[in-house]
Structures are given as C-alpha cells and as structure tokens.
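Asker: Pasting a structure here, questions to come.
Only the coordinates and a few stated rules stand behind these numbers; no lab work does. This is a predicted model, so every value here is computed, not measured. No Cβ is skipped: glycine too gets one built from the backbone with ideal geometry, and neighbour counts run over all protein chains shown.
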Amino acid sequence: KNLASKYVKVALPNSETLNVYVDGKGTKALMFMHPLANDHRCFSPIYPYLTEHFTIIAPDLRGTGQSTYKKPVQSFDEVAEDYKHVCDHFGIKKVNLFGLAFGSFACLPFAANYPELTEKIILSSPGLIRGFPMYRVDTLGKPTDHKIESRQEVSNHPMILRTTMAIKKKDREAL
C-alpha cells in the first residue's frame, strides 16, 4: 500500500481506530510499541536515523495520541491483536518489533500469537514479566510497604484513576 502519508487512521474490527505514524523507505518494517501515557512521538528523535533502512510503523495505543478508546482493553493479547490488524492493513508479512516499557508487554504476546509475522523483537525496560509491583498509598498519597493484591485495588489506585479520568475526558495534556 502507499505509505506516502505520515499519519494513517486504521479502523479495527473492534470499532476502535488507531492513529499510526508511518515513515521511511526501507524494505523491512519496524513497529514501535510505546509506553503507557505516551504516544508514538516518544520515539520521534530516533526516526530520522532509521528511515533509510526501515519503514517505521508507530501506532498509538487505544486512548493515546489520536487513537480512540471506546472500551477498556482487557489483556495484552488484545493490544497485540490491535497491532496485528495494523500489520494486516499495511500488508506487512514480517515485522521487527521495538517495545519500550509497557510496549514490551505487547511485544511478547504479539510474538507468541503471531510468530509467522514476527522477525525480531527488541524489549527496552520491560520490567517484570509478571507485571510491575504496585503499592497501596496512605491518606497523603505516599506509597506504603503493602503491595496491591487485587484488580479492584489497581483500578482504585490514585495514579490509575487520574489516567482513566484523563482518557475519559480526552485530556491529552494530562496523559
């Protein structure tokens, strides 16, 4: 497909639309998976060094950048599936993946679920494979020594509540 436009809206079967930055003239595709509370622009300082050898494909996760967020993401498999649809949209048969922090957690299920599409993966600051530990906060909002044990506690954590509210209000500055 013609990749002349730097920004492409990719409609997904789940009714979401991902904003995808596309650049480069290389024969190999390099997909960037950004951290939570960022968008594709967090990688922009390195794009110029890669466009000679790669075609850059940098989707914004649902709810970040100019991507939609109509329903909550339930798993990293779901995020990986979104990225698979991006590959399908552009006719990509093999892709190199670069995941930074949260983005690394999407690289792993992508590679596991779509090995025929995955050429190589690069994980940067992937954290723990079982997730990042989160701690309860006291009344002043300071972390305590007690780990959060349940999904309900995670969803009620002040940091998660602020991020969720910013996404609902489409407050891109807060993200």
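Asker: Can you tally the net charge around Pro13? Count Lys and Arg as +1, Asp and Glu as -1, for every other residue whose Cβ sits under 11 Å from the Cβ of Pro13.
Answerer: -3
Asker: Just how large is the dipole of the chain about the Cα centre, in debye to the nearest 20, putting +1 at every Lys and Arg Cβ and -1 at every Asp and Glu Cβ?
Answerer: Computed charge dipole of the chain: roughly 300 debye.
Asker: Let me ask you something else. Along the charge dipole of the chain, pointing to its positive end and built from +1/-1 on Cβ of Lys, Arg, Asp and Glu, which listed residue (Ile160, Tyr47, Pro35) has its Cα farthest out?
Answerer: Going by the Cα projections, it comes out as Tyr47.
Asker: Now for a different question. Over 25 Å between Cα atoms: which of Lys28/Lys170; Lys28/Lys168; Lys71/Lys170; Lys6/Lys170 fall into that group?
Answerer: Cα-Cα > 25 Å for Lys28/Lys170; Lys28/Lys168; rest within.
Asker: Can I ask one more? Take Thr17 and Glu52, extend 7 Å from each Cα along the Cα→Cβ direction, and tell me the distance between the two endpoints in nm.
Answerer: Each label point lies 7 Å from its Cα, and together they span 3.7 nm.
Asker: Then there's this: What fraction of the Cα pairs in the range 1-123, stated in percent, has a spacing above 19 angstrom?
Answerer: 39
Asker: Which aspartates and glutamates have a Cα lying under 17 Å from the Cα of Lys84, excluding residues fewer than 8 positions away in the same chain?
Answerer: Straight-distance partners of Lys84: Glu16, Asp60, Glu116, Glu119.
Asker: So how strong a dipole does the range 82-169 carry about its Cα centre when Lys and Arg Cβ are +1 and Asp and Glu Cβ are -1, to the nearest 20 debye?
Answerer: Approximately 180 debye in magnitude.
Asker: To the nearest 500 deg cm²/dmol, what mean residue ellipticity at 222 nm is calculated for the chain from DSSP H runs of n ≥ 4 alone, each contributing -39,500 (n - 2.57), summed and divided by the residues?
Answerer: Using -39500 (n - 2.57) per qualifying helix, the result is -7500 deg cm²/dmol.
Asker: Hey, another quick one. So, counting K/R as plus one and D/E as minus one, what does the shell of residues with Cβ under 12 Å around Tyr135 add up to?
Answerer: Local charge sum for Tyr135: -1.
Asker: Trypsin sites (Lys or Arg not before Pro), restricted to the range 11-80: which are DSSP loop and have at most 15 other Cβ atoms within 10 Å?
Answerer: Hits after loop and neighbour filter: Lys25, Lys70.
Asker: Treating the beta-carbon of each Lys and Arg as +1 and of each Asp and Glu as -1, no other charges, what is the dipole magnitude of the range 1-102 about its Cα centre, to the nearest 20 debye?
Answerer: My answer is approximately 260 debye.
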